[in-house]
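Engineer: Submitted below is the structure of interest, expressed as structure tokens.
Please treat every number below as a calculation from the coordinates, not as lab data. Just so you know, these numbers come straight off a predicted model, no measurement behind them. Backbone-built Cβ (ideal geometry, glycine too); neighbour counts: all protein chains shown.
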Amino acid sequence: MKVYFSPDRTEEVAVVSATVEEVLLMLGVNPVEVIVSRNGALIPEDTVVGGDDEIRVIRFVHGG
Amino acid sequence: MAGETGRCSAPGCTEPPITVLRGSGERLCARHFTASVERRVREAVEGGGMVQDGDVLAVGLSGGKDSTVLLHILSRILRNRPVRMVAVTVDEGIAGYREETIRSARSITAALGVEHVVVSFEDFCGSTLDSLVREQPLHPCTICGVLRRRLLQAAAREAGAARLATGHCLDDEAQSALMNILNGDLRRIVRIGVPDKDAFVPRVKPLRSIPEKEVTLYGIVQGIYTPLPECPYAGEALRSDVRSLLSTLEYRHPGTMERTMEGYAGLRERVGACTQAGGVSYCPDCGEPSTGGRCRACELLSSHRKR
């Protein structure tokens, strides 16, 4: 499963089945600070993802 | 695809949810999420008496996501009311950053048919933020905050506005509250010494109960969210730490930010009632209302001119 971070970081995650929340925590991302889409559709954090899914993580919280 | 997302919680709706609201646990599709956000903002605006028929409402519009969403929602919920909105954008003079957000502000006001005024630091004091930062020992956010507030107030007054709406969301408010406490800043906590409210165009914050995540999601759903460059001066150390701390607490203990603001509002109300309201005083240099003596903008610009 590919996880794209805006703007240019991509992670390949080997997950058969996990919730979005679990994937985010695995990648060290606080789910409160991001919005996630799967294959172009917005999804809640309790959605189960895996396999060939393409996940996009929109981080809207910046440092300052 | 590994799994489905279920259905929206709204009665009779079969659309897939796009989010789970942290407060209520509702799983909402795009349409019902939009309606939920607009309902809460409408309640804040109407319940808080933020706008009266016949008013001019100034809206601070940086061109970033929060103020863009604010203008979009206000233009929807006020469309059938006799209220004139004037969007105000402050051009601080930040090379490589402001140009894009001002383009974004022009684009949203044109799309919504909202009157738009752009005022600049350069027109106000002859210097951009970039040049002030080079000559001042103060943190750029301090300089920017003082002058931006001044210009927003002046533009709102010029427009004849009864209120000045800003895009501060729940996260911003909780961060500021905690920063005031961590700084031990009693004047800010209970607003001691704030001049009579008639001296300023009162500020209102219609998004103050909406989490930043929901503000952003609303912008994405409405097609008005555009990732913009981050301000090169961003990074006020304490706010950055407080933001990170509050986000962690909000994740581990959902509702933390909302409870923080409820408690903070109660604290202000009770402690504020025991203190004397500040009288109006005016800056001897520019005549603007101040908390006593020379206003902060004149203090700041005076030290700039001496250099």
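Engineer: Determine the percent antiparallel among the DSSP beta bridges restricted to chain B, to the nearest 5. Spell out each step's value before the answer.
Structural biologist: Working: 4 of 20 bridges.
In chain B, DSSP labels about 20 percent of beta bridges as antiparallel.
Engineer: Across peptide A:38-51, how many C-beta atoms of other chains are within 10 Å of each residue C-beta, on average?
Structural biologist: Going residue by residue through A:38-51 and averaging, the value is 5.
Engineer: Further question: For the stretch A:2-59, with only Lys/Arg (+1) and Asp/Glu (-1) charged at the beta-carbon, what is the dipole magnitude about the Cα centre, in debye rounded to 20?
Structural biologist: Values: 5 positive and 11 negative charges, 34 e Å.
Value, rounded to 20: 160 debye.
Engineer: Okay, helix-only estimate at 222 nm for chain B: each DSSP H run of n ≥ 4 adds -39500 (n - 2.57), divide by all residues, round to 500 deg cm²/dmol; what do you get?
Structural biologist: After summing the helix terms and dividing by the residues of chain B, the value is -15500 deg cm²/dmol.
Engineer: A further question follows. Using only Cα atoms, tell me the angle between helix B:237-252 and the longest principal axis of chain B; keep it within 0 to 90° and round to the nearest 10.
Structural biologist: Helix B:237-252 sits at roughly 20 degrees to that axis.
Engineer: So what's the angle, to the nearest 10 degrees on a 0 to 90 scale, between helix B:98-112 and the longest Cα principal axis of chain B?
Structural biologist: 60 degrees
Engineer: Here's something else I'd like to know. With θ set to phi - 60°, apply the Karplus curve 6.51 cos²θ - 1.76 cosθ + 1.60 along the stretch B:209-215 and write out the HN-Hα couplings as whole Hz, x wherever there is a Gly or Pro.
Structural biologist: For the stretch B:209-215, the Karplus-derived couplings read 9, 9, x, 4, 4, 6, 4 Hz, x marking Gly and Pro.
Engineer: Of B:Ala156, B:Ser247, A:Gly51, which is farthest towards the positive pole of the protein assembly as shown's charge dipole, taken about the Cα centre with +1 and -1 on the beta-carbons of Lys, Arg and Asp, Glu respectively?
Structural biologist: Going by the Cα projections, it comes out as B:Ala156.
Engineer: Determine by what factor the alpha-carbon radius of gyration of the protein assembly as shown differs from 2.2 N^0.38 Å, reporting the quotient.
Structural biologist: In units of the 2.2 N^0.38 Å rule of thumb, it is 1.05.
Engineer: Neighbouring Cβ atoms within 10 Å as the yardstick, rank B:Asp185, A:Asp8, B:Asp130 fewest first. Walk me through the intermediate numbers first.
Structural biologist: Working: B:Asp185 11, A:Asp8 6, B:Asp130 18.
Listing B:Asp185, A:Asp8, B:Asp130 from fewest to most nearby Cβ atoms yields A:Asp8, B:Asp185, B:Asp130.
Engineer: Return the long-range amide H neighbours of B:Ser120 (sequence gap of 5 or more, or a different chain), with a cut-off of under 5 Å between placed amide H atoms.
Structural biologist: Result for B:Ser120 returns B:Asp91.
Engineer: Right, next: Apply the a/c threshold of 1.5 to the C-alpha gyration tensor of chain B and tell me whether it is rounded, prolate or oblate. Display every interim value, and only then the final one.
Structural biologist: On the way: a/c = 1.60, a/b = 1.47, b/c = 1.09.
Prolate.
Engineer: Need one value for A:20-30: mean number of C-beta atoms belonging to other chains within 10 Å of its residues' C-beta atoms.
Structural biologist: Neighbouring Cβ atoms belonging to other protein chains average 1 per residue here.
Engineer: Jot down the radius of gyration and Dmax of the stretch A:21-60, Cα atoms only, both in angstrom.
Structural biologist: Looking at the stretch A:21-60, its Cα Rg and Dmax stand at 9.3, 26 Å.
Engineer: Working from Cα positions, state the angle (0 to 90°, nearest 10) between the long axis of helix B:170-182 and the longest principal axis of chain B.
Structural biologist: For helix B:170-182, the angle is close to 50 degrees.
Engineer: Mind ranking B:295-302, A:24-31 by how tightly packed they are, going by the mean number of other C-beta atoms within 10 angstrom, highest first? Kindly include the intermediate steps, with their values, before the conclusion.
Structural biologist: Values: B:295-302: 18.6, A:24-31: 15.8.
Per-residue mean Cβ counts within 10 Å order the peptides as B:295-302, A:24-31.
Engineer: I would also like to ask the following. Would you pull out the residues with amide H under 5 Å of A:Phe5's amide H, same chain only if 5 or more places away, H placed 1.01 Å from N?
Structural biologist: A:Thr10, A:Glu11, A:Val57
Engineer: Rounded to whole Hz and in sequence order, give me ³J(HN,Hα) for the stretch B:12-29 from the Karplus expression 6.51 cos²θ - 1.76 cosθ + 1.60, θ = phi - 60°, writing x for Gly and Pro.
Structural biologist: Going residue by residue, I get x, 8, 10, 6, x, x, 10, 7, 10, 5, 5, x, 9, x, 5, 9, 10, 6 Hz, with x marking Gly and Pro.
Engineer: Across chain B, how many lysine pairs, 8 or more apart or on two chains, come within less than 20 Å at their alpha-carbon atoms?
Structural biologist: Taking chain B as the scope, the lysine pair count is 4.
Engineer: Separate question: By DSSP, what percent of the beta bridges with both residues in the protein assembly as shown are antiparallel, rounded to the nearest 5?
Structural biologist: 45 percent
Engineer: While we're looking at this one, here's another question. Figure the gain on full extension for B:Ser131 and B:Asp53 (residue separation times 0.36 nm, minus the Cα-Cα span) and round it to one decimal in nm.
Structural biologist: Taking 0.36 nm per residue and subtracting the Cα distance, the gain is 23.8 nm.
Engineer: What is the list of residues in the stretch B:146-185 whose amide nitrogen lies under 20 Å from a point 7 angstrom out from the Cα of B:Val117, following Cα to Cβ?
Structural biologist: Label zone hits: B:146-168.
Engineer: From the square roots a ≥ b ≥ c of the eigenvalues of the alpha-carbon gyration tensor of the stretch B:104-198, which class results: rounded (a/c under 1.5), prolate (a/b over b/c), or oblate?
Structural biologist: Since a/c reaches 1.5 but b/c is at least a/b, the shape of the stretch B:104-198 is classed as oblate.
Engineer: Hey, with R₀ at 30 Å, roughly what FRET efficiency would B:Leu182 and B:Ala234 work out to, going by the Cβ-Cβ distance, to 0.05? Don't skip to the answer; put the middle values down first.
Structural biologist: Details: r = 19 Å, r/R0 = 0.64.
Rounded to the nearest 0.05, the efficiency is 0.95.
Engineer: Still on this structure, I have one more. List the residues whose amide H sits under 5 Å from the amide H of B:Ala165, counting only those 5 or more places along or on another chain, with H placed 1.01 Å from N in the peptide plane.
Structural biologist: Amide H neighbours of B:Ala165: B:Ala58, B:Val59, B:Gly60, B:Val204.
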